[in-house]
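Asker: For reference, the structure I am asking about is given below.
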Amino acid sequence: MRIMILGGGGREHAVAHAFSKSKIDTELHCCPGNPGIAKLAKCHIGDPCNPSEMLTLCKSNGIELVFVGPEAPLVAGTADALREAGLLVMGPSMSGARLEGSKAFSKQFMDKHGIPTSSFDLCTDIDSCRKALKKRTAPFVVKADGLAAGKGAFLLDTFEEAINICTMMLDDFLLGTAGRVVVIEDFVAGQETTVLALTDGKTIRVLPSSQDHKRALDGDKGDNTGGMGAYSPVPWVDDTFMKKVTEEVLQPTLDGLHEDGIPFCGVIYAGIMVKPNGSLSLLEYNVRLGDPEAQVVLPVFDGDFAEVILACTKGTLDSIQWPSPKQHALGVVMSSGGYPNQYQTGIEITCTEENSSDSYVYHAGTKLNDNGTLVTSGGRVLTVVGIAETLQKARDIAYKRIESISFDKSYYRRDIGDKSLKGDK
């Protein structure tokens, strides 16, 4: 089977790796890919957000199945164009992608279908922002409605800071069209976890649990990022908890999509806050695998990933056996100095062979320069993953592997997984 993966980050490298281990004979392609993915798949130049270009690329290479990695191509309608042309596609339609593409739409969807979430207001001018903020106390949660490359959510300590961010989005166009509508919602305290589920539109199956670390610095300090590391499975997430998430969040989401006439074949990412009293609050949806969650979830998933994705695209997910994870994975993101703010690129990377029996190095912000040397090309550069029978061993392997990798001004958190290892939630 000829499979095309759209995207070029660490998530897509993990997806390519998972496909490569399938018992199904696969020929992997990727657009645009990266140097790590190129060792597993034929990489093509192109823009995944251009539906007609992707259709031409897939047809010219005899592609049968397409896995759409990032959110932007889904919001742009790439999955629709490919599906309409008869290809098997893992990724929701443009209408389904609104769950991630519009924070306003997703909050209204949660409210309509009784999915637990925090109270919110949608604001299109500063006066409405001021009223919404005055109804709440610090810390203030302010979000841009549209896609903002992970930079559209703000947790602010003072009313003045919150108003300033609202002004920058609405009047100064800080985030362009993404900030035309501002979502202001109640702050929810608790323990955050990620639940990733696959669906063919009829059946939902939950992947191993994971937990991301969003803040740039140790101790959950510093700026918010796209994610500085993750681990899977989460020790305190058991079958009872997953049943609760399925009954209160995932199944009502699928039922709501049916009720609203929205077809959905793809990933439902539920960012969930577990309150101190044990109740759930859905923070956000994504409509694709998380990054860096995918880099730790897929290595511990004991099913045949290609078989599962093929079943999703054919509507037969209910026929697939679903094993429980037997191992643990912990991933640490190595980033460029200055990320998530200003950083340099083009810095040479010294890196050992990517994969071994108990560790993987997934490429994200890398490229080959004109001399064929591996260099940095983004803020999050690599995700270094350890695999073992315990979380502690997986952590030890990941941090040991990092010692063999270097690039100037690199930095990474040194406390990934520490809370769970200490028994904290």
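Values quoted throughout were computed directly from the atomic coordinates according to the rules given, and no laboratory measurement underlies them. Remember, predicted model here, so these are calculated numbers, not experimental data. Here the Cβ is made from the backbone with ideal geometry for all residues, glycine too, and neighbour counts use every protein chain on show.
Asker: Between the alpha-carbon centers of the stretch 324-377 and the stretch 186-229, tell me the distance in whole angstrom.
Answerer: Distance between centres, Cα-based: 21 Å.
Asker: With each run of n ≥ 4 DSSP H residues scored as -39500 (n - 2.57), what mean residue ellipticity at 222 nm is computed for the chain after dividing by its residue count and rounding to the nearest 500 deg cm²/dmol?
Answerer: Details: 14 runs with 122 residues, N = 425.
Helix contribution divided over all residues of the chain: -8000 deg cm²/dmol.
Asker: I'd like to know which of Gln211, Leu99, Ile387 lies farthest towards the positive end of the charge dipole of the chain, counting +1 on Cβ of Lys and Arg and -1 on Cβ of Asp and Glu.
Answerer: Ile387
Asker: Which trypsin sites (Lys or Arg not before Pro) in the stretch 100-148 pass both tests, a DSSP loop state and at most 11 other beta-carbon atoms within 10 Å?
Answerer: Qualifying residues, ordered by number: Lys135.
Asker: Once phi is turned into ³J(HN,Hα) by the Karplus curve 6.51 cos²θ - 1.76 cosθ + 1.60 with θ = phi - 60°, what whole-Hz value does each residue of the stretch 221-232 show in order, with x for glycine and proline?
Answerer: Rounded to whole hertz, the list is 10, x, 6, 5, 10, x, x, 9, x, 7, 8, 7.
Asker: Treating the beta-carbon of each Lys and Arg as +1 and of each Asp and Glu as -1, no other charges, what is the dipole magnitude of the stretch 2-91 about its Cα centre, to the nearest 20 debye?
Answerer: Details: 8 positive and 9 negative charges, 71 e Å.
My answer is approximately 340 debye.
Asker: Separate question: What are the principal axis extents of the Cα atoms in the stretch 119-241, in Å, biggest first?
Answerer: 45, 39, 26
Asker: Next question, about the same structure. With N set to the number of residues, divide the alpha-carbon radius of gyration of the stretch 94-167 by 2.2 N^0.38 Å and report two decimals.
Answerer: Taking the Cα Rg and dividing by 2.2 N^0.38 Å, one obtains 1.13.
Asker: Send over the Kirkwood Rh of the stretch 366-425, from the inverse of the averaged 1/r over different Cα pairs, rounded to one decimal Å.
Answerer: It works out to 13.5 Å.
Asker: Starting with the highest mean, order 6-19, 370-383 by the number of other Cβ atoms within 10 Å, averaged over the residues of each peptide.
Answerer: On the way: 6-19: 28.1, 370-383: 19.2.
Answer by packing, highest mean first, reads 6-19, 370-383.
Asker: Given Met273, Thr253, Val300, which one lies farthest toward the positive end of the charge dipole of the stretch 191-419, if we put +1 on the Cβ of every Lys and Arg and -1 on the Cβ of every Asp and Glu?
Answerer: Met273
Asker: Given the Cα-Cα distance of Asp239 and Ala85 and 0.36 nm per residue of separation, how much length would full extension add, in nm?
Answerer: Working: separation 154, 0.36 × 154 = 55.44 nm, distance 3.98 nm.
Here the segment from Asp239 to Ala85 would lengthen by 51.5 nm.
Asker: Mind jotting down the three principal axis lengths of the stretch 191-419 based on Cα atoms? Whole angstrom, largest first.
Answerer: So the three principal-axis extents are 53, 40, 35 Å.
Asker: Given Cα pairs under 8 Å that are at least 6 residues apart, what percent is the relative contact order of the chain? Let's see the in-between values first.
Answerer: Details: 1005 pairs, mean separation 67.9, N = 425.
Rounded, it is 16 percent for the chain.
Asker: Could you give the dipole magnitude of the chain about its Cα centre, charging the beta-carbon of Lys and Arg +1 and that of Asp and Glu -1, in debye to the nearest 20? Working shown, then result.
Answerer: On the way: 43 positive and 54 negative charges, 66 e Å.
Charge dipole, the chain, about its Cα centre: 320 debye, nearest 20.
Asker: Only counting other Cβ atoms within 10 Å, I'd like His363, His213 sorted with the fewest neighbours first. Mind showing how you got there, number by number?
Answerer: Values: His363 27, His213 24.
Fewest to most other Cβ atoms nearby, the residues stand as His213, His363.
Asker: A further question follows. How far is the Cα center of the stretch 65-116 from the Cα center of the stretch 147-169, in Å?
Answerer: Here the answer is 25 Å between Cα centres.
Asker: Considering amide H positions built from the backbone, and no H for Pro or chain starts, which residues 5 or more places from Ser119, or on another chain, come under 5 Å of its amide H?
Answerer: Distant-sequence amide H within range of Ser119: Asp186.
Asker: Let me ask something else about it. What is the dipole size for the stretch 191-419, taken about its Cα centre, with +1 at each Lys and Arg Cβ and -1 at each Asp and Glu Cβ, in debye to the nearest 20?
Answerer: Working: 21 positive and 31 negative charges, 80 e Å.
The dipole magnitude comes to about 380 debye.
Asker: With a 10 Å radius around each residue's Cβ, average the other Cβ atoms per peptide and rank 400-406, 307-313, 249-255, highest first. Can you show the working numbers first?
Answerer: Numbers: 400-406: 14.7, 307-313: 21.4, 249-255: 19.1.
With the highest mean Cβ count within 10 Å placed first, the list reads 307-313, 249-255, 400-406.
Asker: Read phi for every residue in the stretch 191-202 and hand back ³J(HN,Hα) as whole Hz from Karplus 6.51 cos²θ - 1.76 cosθ + 1.60, θ = phi - 60°, with x for Gly and Pro.
Answerer: The phi angles translate into 10, 8, 9, 10, 10, 9, 10, 10, 9, 9, x, 10 Hz.
Asker: Sticking with this one: How high is the relative contact order of the stretch 279-348, in percent, with contacts defined as C-alpha pairs under 8 Å that are six or more residues apart? Spell out each step's value before the answer.
Answerer: Working: 32 pairs, mean separation 22.0, N = 70.
Computed value for the stretch 279-348: 31 percent relative contact order.
Asker: Over the stretch 2-91, what relative contact order in percent results from Cα pairs under 8 Å that are six or more residues apart? Show your work: numbers first, answer last.
Answerer: On the way: 170 pairs, mean separation 26.7, N = 90.
Over the stretch 2-91, the number comes to 30 percent.
Asker: Output needed: percent of Cα pairs per 5 Å distance bin for the stretch 307-425, bins running from 0 to the one holding the longest distance.
Answerer: With 5 Å bins starting at 0, P(r) equals 2, 11, 17, 16, 14, 13, 12, 9, 5, 1.
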